[in-house]
1. State whether the residues of the range 236-244 include one that is within 16 Å of the ligand (Cβ to nearest atom) and within 30 Å of Thr145 (Cα to Cα).
2. Go through the residues of the range 21-38 one by one and say whether even a single one is among the basic types (Lys, Arg), under 21 Å from Val126 (Cβ atoms) and at pLDDT 95 or above.
3. Kindly indicate the residue of the range 297-320 that is charged (D, E, K, R) and over 25 Å from the mean Cα position of the chain (by Cα) and also surrounded by the fewest Cβ atoms within 10 Å (Cβ to Cβ) among those meeting that condition.
4. Just to be sure before I move on: is Glu203 within 27 Å of Gly63 (Cβ to Cβ) and either open to solvent by 10 Å² or more (accessible area, probe 1.4 Å) or not in a helix (DSSP H, G or I) (or both) in the structure I sent?
5. Find all pairs meeting these conditions: Cβ atoms under 7 angstrom apart; at least six residues apart or on different chains; first residue within the range 246-265 and closer than 25 Å to Gly224 by Cα and open to solvent by 40 Å² or more (accessible area, probe 1.4 Å); second residue within 8 Å of the ligand (Cβ to nearest atom) and modelled with pLDDT of 95 or more.
6. Could you tell me whether the range 247-257 includes any residue that is under 19 Å from Gln191 (Cβ atoms) and more than 16 Å from the ligand (Cβ to nearest atom)?
7. Just to check your reading of the model, which residue among Thr285, Thr268, Thr225 is open to solvent by 10 Å² or more (accessible area, probe 1.4 Å) and either within 15 Å of Val178 (Cα to Cα) or touching a residue at least 60 places away in the same chain (Cβ under 8 Å) (or both)?
8. Any idea how many residues of the range 202-217 are closer than 18 Å to Arg152 by Cβ and in contact with an Asp or Glu (Cβ under 8 Å, 6 or more places away or on another chain)?
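The values are calculated or read from the model by the stated rules, or taken from the named source; none is laboratory data. Keep in mind the model is a prediction, meaning the values are calculated, not measured. Counting neighbours? That spans all protein chains shown, and the Cβs are built from the backbone with ideal geometry, glycine included. Surface areas here come from the heavy atoms of the whole protein model, side chains and all, with no ligands, DNA or RNA. Shrake-Rupley method; radii C 1.70, N 1.55, O 1.52, S 1.80 Å.
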Amino acid sequence: MSALNKIARTLVSNRRGILAADESIGTMSARLEKVGVEPTAENRRVYRELIVTTPRLAESISGVILADETFHQKLSNGRTFPEHLEDIGILAGIKVDTGAKPLAGAPDEKITEGLDGLRERVAEYVRLGATFAKWRAVITIGDNTPSPRAVRANLHALARYAGLCQEGGLVPIVEPEVLMDGAHSLERCRQVSTAVLTSLFEELDLMQVELDGIVLKPNMVVAGTGGAEQPTVADVARATVETLRETVPASVPGIAFLSGGQHPEVATQHLGAMQNLDPLPWELTYSFGRALVGPALEAWRGDESKWGAAQDALSEHAVANAAAR
Ligand code: 13P
């Protein structure tokens, strides 16, 4: 078993999943402001400390994805975040993309940036304790989107990122997110997700990325949030697993879903329903952000006396997702 395969397997097995706490400074600041917390570097640090010091977190969480800012910050006990995660038996991951920017000539679509200097940044993150990385590409469903150029540009960048990570010793989490925004049907999400995942594996093959040393992080196949008709949990589970079966080679060790703005309980129900389908060639787990930490942030709201209640909220959702597996 290669070192990359071992890390990938650790991330997705034993009923554990990944916690995405890698919101950019802008996104994290907006989320803090929404709950009445001043968006300072120190408050972002305190909030991330709340997350990673949650009791028994390692029982249901295999890896935590951090942002660059957090990677260089310390907990109150003087340990860096990656050091603390190692202390408690959780792998430290790093988001290495630098965000989704407007794609030239395509006003409604984005291209994720961050390839320049990535080889050197990967080496530095490995030195600081990272074992895996994340890059998120966003694909928008609309009347005229996704365009072929947005799909190709984004998946090409994802594959180049994955190659650089593996060369430097990091397991790449490969995240092509088809967004839930819009009024599209489940069937349309399925068509777009199929096309995106098909192109993704062509690009990964072209870049000679070792599939047994990645973790795929896709969206679930759902209807748009503005859609009049919302599918049942069983419909989402079936459509998602069928789409993945058609597109994802069995050599990929695990698939860890993003939550994408789904209600936390619904995301957990979808995950649980998928496990009850026929035997699957890969592990199916979670790499949720909002569906894991959203309720904790709401409970905390910057109030020190709510620290325990917030950690309980995170614990409850982490345990529920592990149980759904
Ligand atoms: P959500 O689960 O909130 O979609 O976040 C997961 C993630 O890491 C997005 O890049």
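1. yes
2. The answer is no, given that none of the residues of the range 21-38 is among the basic types (Lys, Arg), under 21 Å from Val126 (Cβ atoms) and at pLDDT 95 or above.
3. Glu304
4. Yes, satisfied.
5. Qualifying pairs under 7 Å: Gly261/Arg290.
6. Looking through the range 247-257, at least one residue is under 19 Å from Gln191 (Cβ atoms) and more than 16 Å from the ligand (Cβ to nearest atom).
7. Step by step, each of Thr285, Thr268, Thr225 is checked, and only Thr225 is open to solvent by 10 Å² or more (accessible area, probe 1.4 Å) and either within 15 Å of Val178 (Cα to Cα) or touching a residue at least 60 places away in the same chain (Cβ under 8 Å) (or both).
8. Within the range 202-217, residues that are closer than 18 Å to Arg152 by Cβ and in contact with an Asp or Glu (Cβ under 8 Å, 6 or more places away or on another chain) number 0.
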